[in-house]
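The values are calculated or read from the model by the stated rules, or taken from the named source; none is laboratory data. Being a predicted model, the structure only gives us computed values, none of them experimental. Cβ atoms come from the backbone with ideal geometry, glycine included; neighbour counts cover every protein chain shown. Just the protein is used for accessible areas: all its heavy atoms, side chains included, with ligands, DNA and RNA removed. Shrake-Rupley method; radii C 1.70, N 1.55, O 1.52, S 1.80 Å.
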Amino acid sequence: MEIKDRIIVITGAAGGIGRGMADRFAAEGARVVCADLDGTGAQQVAEQIGGIARACNVGSEADIKALIDFTEENVGPVDMFCSNAGILTAGGMEVPDAEWLRIWEINVMSHVWAARHVVPKMIARGGGYLVNTASAAGLLNQVGAAPYGVTKHAAVGLAEWLALTYGDQGIKVSVLCPQAVRSAMTAGHEESVAAIDGMLEPAAVAEACVEAIREERFLILPHAKVLDYIRMKTADYDRWIGGMRKLNRQFGGEL
């Protein structure tokens, strides 16, 4: 898909990857709806790129539906929905249930709710594009953060299901799986295990997205090394787990 002249909705657009996408897609000639829990931040980004802002809590299905309805009624038919917003919760089995449920709603159910309300509209028009932000943690895992690793695996699984279920009806799906990207989420973790292959700037991730969308590729891997890790994992799962245990010892179970 070419991005020029497309109407694109991006959640989590006030900063990080979402802002990088908004900047890059606008430069390509798209009309961008910038959505974020931080409505003021979304407005600032929208003003800079000539887009439209909307406050949205992706942990609420009603908010996501309202975002889609607002765009369809006031901007035009959604050509691409970038379900990008997410959070990081560190820790393991000791993390309280309430935090597990919160990250599940934001990192997984937000993608479900977006697809539930935008895919039927896209199918009725002959097709559309979903870009769901997961993480390399969704393909590999995350030392020191069970809730994050688990929910990102679920996000990848959902993206796969959407692609295989709706591909014949014109729905294209890409899932974004970077390692560390410079953002508020990664601040203070510059030497973390997630940054072992370097921390990318949001602009570099957005460029990888543009290239993948043009080619309609499912996996978007801004850190090329992730593909090698996936191959190692599938070639010998036990050896891969052994390597991950070494990382866990090296980083002390921390991010």
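Among the residues of region 49-68, how many are out of contact with any helix residue (DSSP H, G or I) (no Cβ under 8 Å at 6 or more places or on another chain) and either farther than 22 Å from Val108 by Cβ or among the aliphatic types (A, V, I, L, M) (or both)?
3
The residues of region 230-255 that are part of a helix (DSSP H, G or I) and either of a type in the set (Val, Ile, Thr) or touching a His at 6+ places or on another chain (Cβ under 9 Å) (or both), listed by number, are Ile230, Thr234, Ile241. Residues that are more than 17 Å from the chain's Cα centre (by Cα) and over 13 Å from His117 (Cβ atoms) within region 47-72 comprise Glu47, Gln48, Ile49, Gly50, Gly51, Ile52, Ala53, Arg54, Ala55, listed in sequence order.
Answer with yes or no whether Arg182 is open to solvent by 20 Å² or more (accessible area, probe 1.4 Å), charged (D, E, K, R) and in contact with a helix residue (DSSP H, G or I) (Cβ under 8 Å, 6 or more places away or on another chain). Taking the combined requirement at face value, the residue satisfies it.
If you go through region 196-209 and pick out every residue that is touching a helix residue (DSSP H, G or I) at 6+ places or on another chain (Cβ under 6 Å) and either assigned to a loop (DSSP other than H, G, I, E, B) or surrounded by fewer than 19 Cβ atoms within 10 Å (Cβ to Cβ) (or both), you end up with 2.
Scanning region 117-130 turns up one or more residues that are open to solvent by less than 60 Å² (accessible area, probe 1.4 Å), touching a residue at least 40 places away in the same chain (Cβ under 8 Å) and within 24 Å of Ile230 (Cα to Cα). Only one entry of Leu176, Leu140 meets the criterion of being farther than 21 Å from Gly20 by Cα and at pLDDT 95 or above, and that entry is Leu140.
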